[in-house]
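K.L.:
Quick one: this structure, given as structure tokens, is what I'll be asking you about.
Each reported figure results from applying straightforward, stated rules to the coordinates on display, with no laboratory input. This structure is a prediction, so every number in the text was calculated from the model and none was measured. So basically every Cβ, Gly included, is an ideal-geometry build from the backbone, and we count neighbours across all protein chains shown.
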Amino acid sequence: MKSSNPVLNRIGAAAQQPRYSVPGQGVPTSYAPGGYPEVVQTGHADVMTLDDVVVKTITLLGLAALSAAVTWTVLPFELLAPVWIAAAVAGLIVGMIISFAQVTNALVMCAYALIEGVFLGAVSRAYNTAFDGIVLQAVIATLGVFLTMAVLYKAKVIRATPKFMRVVIGVTAGLGVVMLVNLAIYLITGSASPLRNGGPLAIGFSLVCIVVAALMFVVNFKQIEDGIAAGLPRKYGWLGAFGLLVELVWMYLEFLRLLSYLQDD
């Protein structure tokens with residue numbers, strides 16, 4: 001599961017570049033590194049706004065939730081594992097394409113949300129079968145952390161300084177590598193490593209992942225804020241929504257794991 005978004009990093013960088021516009025026009029007249037057009041807010045309606053990012057985020061979350069509910073309801077239990085794996089691979093591929101190809105197409109974003117929903121529906125049903133009520137607990141915990149970080153960011157209790165963002169993104173990238181190596185070990189040996197076997201080390205690792213995912217919300221908030229300040233076109237709001245969806249999915253999965261470890265004990 002992705003945890004940092006290269007596209008949003010470029011949005012943040014775009015906000016730091018010089019911007020030029022033709023007076024009275026909302027058209028790009030310069031381009032930031034990475035190919036993003038820089039559009040200064042000049043009264044043109046087609047620019048990225050916070051409200052628009054919120055609407056797009058709710059849209060993606062709604063599609064993911066709907067897809068998850070349908071998967072949970074109609075998918076036979078014996079097909080959970082293959083569908084889980086297929087959706088995880090498909091989501092990873094589509095997510096990487098969105099990130100590195102700088103995709104802002106609404107249909108692609110919605111397709112990604114639907115794929116993630118299938119993945120989440122299969123995973124959630126499997127966990128809930130083993131640990132009744134765990135899904136609701138994980139959802140509440142995830143939303144609680146997200147809202148808490150949003151309030152702390154808005155109140156400027158946590159400030160996304162350049163150093164803070166570099167450190168958090170670096171740690172997130174490191175965790176991503178560790179998780180990929182851990183997955184490779186599982187596929188080769190067929191058994192969970194100490195980081196995922198439910199022991200004390202696994203509990204500690206999940207707690208670290210949850211903390212880092214929470215800090216990544218702050219990074220995403222800042223990158224969205226920078227994109228709005230740069231006056232980027234409205235379509236780039238999809239990237240802000242995409243980044244938040246990725247982080248929410250990651251945190252939800254880590255809460256599922258952590259709660260399963262604790263209940264299993």
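K.L.:
Structure shown: which of Lys56/Lys163; Lys163/Lys222; Lys156/Lys235 lie over 23 Å apart, alpha-carbon to alpha-carbon?
P.N.:
Lys56/Lys163; Lys156/Lys235
K.L.:
With θ set to phi - 60°, apply the Karplus curve 6.51 cos²θ - 1.76 cosθ + 1.60 along the range 195-200 and write out the HN-Hα couplings as whole Hz, x wherever there is a Gly or Pro.
P.N.:
7, 9, 9, x, x, x
K.L.:
Just add up the charged neighbours of Phe205: K/R +1, D/E -1, any other residue whose Cβ is under 10 Å from the Cβ of Phe205.
P.N.:
Details: positive: Arg196, Arg257; negative: Glu254.
Charge balance in the 10 Å sphere: +1.
K.L.:
Also: Using only Cα positions of the range 67-130, each an equal point scatterer, no hydration layer, compute I(q)/I(0) via Debye at q = 0.17, 0.19, 0.21, 0.27 Å⁻¹ and quote the log10 values to two decimals.
P.N.:
Debye output, listed in q order: -0.56, -0.66, -0.76, -1.05.
K.L.:
Specify whether the C-alpha gyration tensor of the range 210-265 places it in the rounded, prolate or oblate class, a ≥ b ≥ c being the square roots of the eigenvalues: rounded for a/c under 1.5, otherwise prolate if a/b is larger than b/c and oblate if not. Provide the component values of the computation, followed by the final result.
P.N.:
Values: a/c = 8.14, a/b = 2.97, b/c = 2.74.
Prolate, since a/c reaches 1.5 and a/b exceeds b/c.
K.L.:
Each residue of the range 204-213 in order: what ³J(HN,Hα) in whole Hz does its phi give by Karplus 6.51 cos²θ - 1.76 cosθ + 1.60, θ = phi - 60°, with x for Gly and Pro?
P.N.:
x, 5, 5, 4, 4, 4, 5, 5, 5, 4
K.L.:
Same structure again: Among 126-139, 224-237, how do they line up from the highest to the lowest mean number of other beta-carbon atoms within 10 Å? Mind showing how you got there, number by number?
P.N.:
Working: 126-139: 15.6, 224-237: 21.5.
The peptides rank, most packed first, as 224-237, 126-139.
K.L.:
Which value in Å is the Kirkwood Rh of the range 87-240 over different Cα pairs?
P.N.:
On the way: mean 1/r = 0.0560 Å⁻¹.
Kirkwood radius, the range 87-240: 17.8 Å.
K.L.:
Search the structure for amide H atoms under 5 Å from the amide H of Val47, placed 1.01 Å from N in the peptide plane, and list their residues when 5 or more places away or on another chain.
P.N.:
Answer set, sorted by chain and number: Arg234.
K.L.:
Read phi for every residue in the range 92-104 and hand back ³J(HN,Hα) as whole Hz from Karplus 6.51 cos²θ - 1.76 cosθ + 1.60, θ = phi - 60°, with x for Gly and Pro.
P.N.:
5, 5, 5, x, 5, 4, 4, 5, 8, 9, 6, 6, 10
K.L.:
In whole Å, what is the distance between the alpha-carbon centres of the range 164-235 and the range 89-162?
P.N.:
Centre-to-centre (Cα) distance: 12 Å.
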